[in-house]
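Inspection log for the structure reproduced underneath, given as structure tokens.
The values are calculated or read from the model by the stated rules, or taken from the named source; none is laboratory data. Owing to the predicted nature of the structure, the values given are computational and were not obtained by experimental measurement. Quick reminder, even Gly has a Cβ in these numbers, built from the backbone with ideal geometry, and neighbours come from all protein chains shown. Ligands, DNA and RNA are stripped out before the accessible areas are found, and what is left, the full protein with its side chains, is counted by its heavy atoms. Shrake-Rupley method; radii C 1.70, N 1.55, O 1.52, S 1.80 Å.
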Amino acid sequence: MTSPTPQTAAQTRLAALMQPVRMTPRRRLLDMLDRFTPFLAFVAVLVIWEAATHIFAIPSFLLPAPTAILGAGIAVDPMVWLDHIWATVRVALTGYAASIAIAIPLAVALSDSRFLKRTLYPMLIVVQSTPVVAVAPIIVVTLGAGDLPRVVITFLIAFFPIVVSTTTGLMATPDELIELSRSLRAGRIREIYQIRLPYALPYVFSALKISVTLSIIGAVVAEFVAAQSGLGYFIGFSTSFFKIPQAFAGLIVLVVISLVMFRAVAWVQNRFAPWSLPKSERK
Amino acid sequence: MRTPPAIHFKDIEQVFPGKSGAPIHALHALDFRIERHEFVSVLGPSGCGKSTLLRLLSGLMLPSDGQVEVFGSPIKGPRDDVGIVFQRPTLLPWLSVIDNVTFPMRHKYGRVTPDDRKRGLEMLDLVRLGDFADKRIDELSGGMQQRVGIARALLLDPDILLMDEPFSALDALSRDEMSFELLRIWRERPKTVLFITHSIPEALLLSDRIIVLSERPGTVRDEIIVPFARPRTLETMADPRFTEMANSIRRRLFSHPVDGGEA
Ligand SMILES: Nc1ncnc2c1ncn2[C@@H]1O[C@H](COP(=O)(O)OP(=O)(O)O)[C@@H](O)[C@H]1O
Ligand SMILES: [Mg+2]
């Protein structure tokens, strides 16, 4: 029955539109360039930086060239690096863990009690408004040697965003779900951990991502004040001996650590609570 | 002796403490009943106390005065033998479709037995989402999510189903589709339904009877018996009497005889 009919003009046009995109070499190159744009921009900045230091003969104590920084970094014994990195990471992670362990239960309590919200919350804001950097020397004097004062300083910096954000998240649970829970007479505890806490996870994770980098800042600030190791201490003494390229190398290691820790938290979120990510960020 | 009605709102007064000191009178001398397996819509302007009715019926709060009876016994506290479907589907995005349907069991008893799961799957079949049991919530359209909400409300096989403007967040097409779906579900699983809406055609299409509430304080202003034969179809909506009734209800809603001004 169906004899091959001659193609209509519309069909021909449609067929042309539906052709797979042909990958010409030129197209492929543009594609690659597009993919690597962020990386290329980064490399370009490095190249310009390197060139500028040579062309304008910028002294290394003002702005060392990237190659000078790299050289200074390599000149330091890897074991020394590891020592400083470990000292900073240890303090940052301990303070971060402590801030999570205290902030989340505290947020649950705050969201559950009008009394606490009216008493404790204002006090938290006062504490938060106190510049921790200014308090750091006092804390060091009070808490003496060891990691403790540094962990406390890190904790103070990392803790507040988690409390605020988690409390907000816990309060953002739709009323209907709370009504469902109450009509089932499921109890306070289940209401919190089967409904409110999971609902707060997107808020919790945004705070965890902010706080993980804050915890590095906290550890470094503490090391500026008093420490015998750690990257903050390393940068401090490099600067005092005018080893600016070496100080920059320390700074870059810090940036890398911050990025890695941030990515780690993002990975945990993606792996264990992908639904809590905005759709555009889901993998 | 007659059997008591499935639901009886008996002379309800509801007063809320207002924010600025002036109490809010939400419901006044509200009195109506719903017979077993009757489908009744409550129609009224927003803020007239419709959702309050639902909270009273699920025992989440007690009326300031009067009482609500279910099959002749007064409601004294939270009860889970009424299924509730909310305006928003309010599902849990971290659970699969089937786990959302069985969530009431997990939430109430801490675990979901294979039997519960079987019943959950049955409910999903009933709302025609049998093939979507293991999907994530965000993979479903708004209409499908509301079906999951209905399946969840039916899980405990309640005698009474409360629906608070369940289709008002849907687009017009899904809304019509869901109305017919609801009628089909109601035919397959007869329930006493209290359906809250502010859509006149929706109320006419679905209900045996429409209770029209006044503006706040909400009180029964009108009771309309819907005469159209069941099963209702698109033909029902095309019936000239349908449009006529819709218009007459609309006219009555927009006149304010109680205000004392022009009627
Ligand atoms: N828990 C409450 N506290 C104070 N006022 C309330 C409360 N619940 C409802 N109201 C008030 O009662 C009135 C009726 O509310 P509601 O039943 O939600 O209306 P509807 O569902 O018809 O829009 C509104 O004015 C609302 O502000
Ligand atoms: Mg309402």
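As a test question: what accessible area, to the nearest 10 Å², does residue B:215 have when a 1.4 Å probe is rolled over all protein chains in place?
Spelled out: residue B:215, probe radius 1.4 Å, area about 100 Å².
Which whole-Hz ³J(HN,Hα) couplings does region A:164-178 yield from phi under the Karplus relation 6.51 cos²θ - 1.76 cosθ + 1.60, θ = phi - 60°, glycine and proline marked x?
4, 5, 5, 4, 4, x, 5, 7, 8, 4, x, 3, 4, 5, 5
Within region B:188-224, list the residues whose amide N lies under 14 Å from a label point set 7 Å along Cα→Cβ of residue B:31.
B:219-221
Students often check this: by mean Cβ neighbours within 10 Å, which of A:209-215, B:74-80, B:228-234 ranks highest, and how do the rest follow? Spell out each step's value before the answer.
Working: A:209-215: 22.4, B:74-80: 15.0, B:228-234: 12.9.
Top to bottom by mean Cβ count within 10 Å: A:209-215, B:74-80, B:228-234.
Nearest 5 is fine: what % of DSSP beta bridges in the protein assembly as shown come out antiparallel, could you say? Display every interim value, and only then the final one.
Details: 20 of 39 bridges.
Roughly 50 percent of the beta bridges in the protein assembly as shown run antiparallel, per DSSP.
Residue by residue, what Karplus-based ³J(HN,Hα) values in Hz, rounded to whole numbers, does region A:143-151 have, using 6.51, -1.76 and 1.60 with θ = phi - 60° and x for Gly and Pro?
9, x, 6, x, 6, 3, x, 5, 5
Tell me which residues come under 5 Å, amide H to amide H, from residue B:26 once H is placed; ignore anything under 5 positions away on its chain.
Correct list: B:14, B:15, B:16.
Determine ³J(HN,Hα), in whole Hz, for all residues of region A:26-43 in sequence, where each value follows from phi through the Karplus function 6.51 cos²θ - 1.76 cosθ + 1.60 and θ = phi - 60°; x replaces Gly and Pro.
Once θ is set to phi - 60°, the couplings for region A:26-43 become 4, 4, 4, 4, 4, 4, 4, 4, 4, 5, 9, 3, x, 5, 4, 4, 4, 4 Hz.
Averaged over peptide B:107-117, how many Cβ atoms belonging to another chain are found within 10 Å of each residue's Cβ?
Values: counts 11, 7, 3, 4, 0, 0, 0, 0, 0, 0, 0.
Mean shielding by partner chains, rounded to a whole number: 2.
Excluding ligands, DNA and RNA, what is the solvent-accessible area per residue of chain B at a probe of 1.4 Å, expressed in Å²? Provide the component values of the computation, followed by the final result.
Numbers: 12140 Å² over 263 residues.
Spelled out: the 1.4 Å probe surface of chain B, per residue, equals 46 Å².
Over the protein assembly as shown, with every protein chain in place, what whole percent of the accessible area is carbon and sulfur at 1.4 Å, could you tell me? Could the numbers behind the result be given before it?
On the way: 18410 of 28930 Å².
Roughly 64 percent, rounded to a whole number.
Counting partner chain Cβ atoms within 10 Å of every residue's Cβ in A:268-280, what's the average? Please report the intermediate quantities before stating the final value.
On the way: counts 0, 0, 0, 0, 1, 2, 3, 7, 2, 0, 0, 1, 0.
That works out to 1 on average.
Amide H of residue B:39: which non-local residues (sequence gap of 5 or more, or other chain) have their own amide H closer than 5 Å, using H built in the peptide plane?
Those qualifying (amide H under 5 Å, at least 5 residues apart or on another chain) are B:193, B:208, B:209.
Report P(r) for the protein assembly as shown: all Cα-Cα distances, bin width 10 Å, range 0 to the bin holding the largest distance, values in whole percent.
Spelled out per bin, shortest first, that is 3, 13, 18, 17, 14, 13, 11, 7, 3, 0, 0.
Hey, what's the Kirkwood Rh for chain B if you take every pair of different alpha carbons, in angstrom? Before the final figure, lay out the partial values.
Numbers: mean 1/r = 0.0516 Å⁻¹.
Evaluated over chain B, this radius sits at 19.4 Å.
In chain A, if the dipole is taken from +1 on Lys/Arg beta carbons and -1 on Asp/Glu beta carbons about the Cα centre, which of A:181, A:71, A:149 is farthest to the positive end?
Ranked along the dipole, the leading option is A:181.
Over the heavy atoms of residue A:67, what accessible area does a 1.4 Å probe trace out, to the nearest 10 Å²?
Its heavy atoms expose roughly 80 Å² to the probe.
Tell me, what is the FRET efficiency for residue B:188 and residue A:279 to the nearest 0.05, using R0 = 41 angstrom and their Cβ-Cβ distance as r? Intermediate values should be presented prior to the final figure.
Values: r = 35 Å, r/R0 = 0.86.
The formula returns an efficiency of 0.70 here.
Chains B and A: what accessible area do they bury, summed, in square angstrom to the nearest 100, with a 1.4 Å probe?
On the way: alone 13230 and 17870 Å², together 28930 Å².
Its buried surface, counting both partners, is about 2200 Å².
Working from the pairwise distances between different alpha carbons, so that the mean of 1/r is found and then inverted, what is region A:73-277's Kirkwood radius in Å? Walk me through the numbers before you get to the answer.
On the way: mean 1/r = 0.0540 Å⁻¹.
Taking the inverse mean of 1/r over all distinct Cα pairs, region A:73-277 comes out at 18.5 Å.
Could you state the angle between the C-alpha long axis of helix B:142-154 and the longest principal axis of the C-alpha atoms of chain B, as a value from 0 to 90 degrees rounded to the nearest 10?
90 degrees
What are the residues whose amide H is under 5 Å from the amide H of residue B:84, where those residues sit 5 or more places off or on another chain and H is modelled from the backbone?
Residues meeting the amide H criterion: B:162.
Angle between the Cα long axis of helix B:172-188 and the longest principal axis of chain B, 0 to 90 degrees, nearest 10?
Between helix and principal axis, roughly 80 degrees.
Using only atoms on other chains, find how many Cβ atoms lie within 10 Å of each Cβ of peptide B:136-146 and report the average.
Values: counts 2, 1, 4, 0, 0, 0, 0, 0, 0, 0, 0.
Across B:136-146, the average partner-chain Cβ count within 10 Å equals 1.
List the residues of region B:88-103 that lose 20 Å² or more of accessible area once all protein chains are present, compared with their chain alone (1.4 Å probe, heavy atoms only, no ligands or nucleic acids).
Those are B:88, B:90, B:92, B:93, B:94, B:103, which lose 20 Å² or more relative to the chain on its own.
Just the accessible area per residue of region A:73-277, please: how many Å² with a 1.4 Å probe? Don't skip to the answer; put the middle values down first.
Values: 9720 Å² over 205 residues.
Value returned for region A:73-277: 47 Å² of accessible area per residue.
Where does each of A:22, B:216 land when they are ordered by accessible area, with a 1.4 Å probe and the largest first? Each step should come with its number before you reach the end.
Details: A:22 190, B:216 140 Å².
Ranked from most to least accessible, the order is A:22, B:216.
Give me the residues in region A:181-197 whose solvent-accessible area, probe 1.4 Å, is reduced by at least 50 Å² once all protein chains are included instead of the chain isolated.
Buried-area filter returns A:183, A:184, A:185, A:190, A:194.
Considering only C-alpha atoms, what is the centroid distance from region B:148-203 to region B:35-82, in Å?
So the two Cα centres are separated by 17 Å.
Which FRET efficiency, nearest 0.05, do residue A:255 and residue A:52 yield, Cβ-Cβ r, R0 30 Å? Spell out each step's value before the answer.
On the way: r = 20 Å, r/R0 = 0.68.
About 0.90, to the nearest 0.05.
Excluding residue A:191 itself, what net charge comes from residues whose Cβ is under 10 Å from its Cβ, given Lys and Arg +1 and Asp and Glu -1? Let's see the in-between values first.
Numbers: positive: A:182, A:188, A:190, A:196; negative: A:112.
Charge balance near residue A:191 sits at +3.
Could you work out the relative contact order of region B:99-157? I mean the mean sequence separation of Cα pairs under 8 Å and 6+ apart, divided by the number of residues, in percent. Numbers along the way, then the final one.
Working: 46 pairs, mean separation 27.2, N = 59.
So the answer I get is 46 percent.
Determine the relative contact order of chain A: mean sequence separation of Cα pairs under 8 Å and six or more apart, normalised by residue count, in whole percent. Intermediate results must be reported in sequence, preceding the final value.
Numbers: 271 pairs, mean separation 62.9, N = 283.
Once normalised by length, the contact order is 22 percent.
When the Kirkwood hydrodynamic radius is evaluated over all pairs of different C-alpha atoms of region A:1-110, what value in angstrom, to one decimal, is obtained? List each step's numbers first, then the result.
Working: mean 1/r = 0.0463 Å⁻¹.
By the Kirkwood definition, the hydrodynamic radius is 21.6 Å.
Got a sec? What order do A:265, A:43 fall in by accessible area at 1.4 Å, biggest, i.e. largest, first? Don't skip to the answer; put the middle values down first.
Working: A:265 20, A:43 55 Å².
Result of the area sort, largest leading: A:43, A:265.
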